[in-house]
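The numbers here are math on the coordinates, done by the rules we state, and not lab data. No experiment lies behind these values; they were computed from the predicted model shown.
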Amino acid sequence: MNIIIINGPNLNLLGKREKEIYGEEKFDSFFKNLQSGYPDVNMQYFQSNNEGIIIDKIHEIGFSYHGIIINAGAFTHTSLAIRDAIAGVEAAKRAGMKCVAVTTTNPSSSLGDADLVIDRLDEINIGDLAKL
């Protein structure tokens, strides 16, 4: 099984910025622990601060991977383009690929109605990844 985690803008700063909100653990450490917990799953990780590069990655892997876990960061609330890219891999979802949105703080329901990406996906909190 091939799964990719795609992180959006500023998530490369996890463990460095606003530790009272995002915690002290860097994503690399979290990712290594996640991989060790699921040795039979081929997990890849991708991060970009650039919307177009995230879209290119969704297109690149959207028909060959079994799942995409995305935390689009601030783009969650603003990006029609990422939302459309995810819709473009709907055929892959119907064939069994799963796309989920992950939040590192509060679920989107507390962020208002402007979550353009999440309305195309199933949403989970990062603590619920083990349930996948």
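Among the residues of the range 26-55 satisfying the criterion of being in a loop (DSSP other than H, G, I, E, B), under 17 Å from the mean Cα position of the chain (by Cα) and of a type outside the set (S, T, N, Q), which is nearest to Ala85 (Cα to Cα)?
Ranking the qualifying residues of the range 26-55, first place goes to Val41.
As an exercise: evaluate Ile69 against (1) within 15 Å of the chain's Cα centre (by Cα); (2) part of a loop (DSSP other than H, G, I, E, B) and give the number of the one condition it does not meet.
The one condition Ile69 does not meet is (2).
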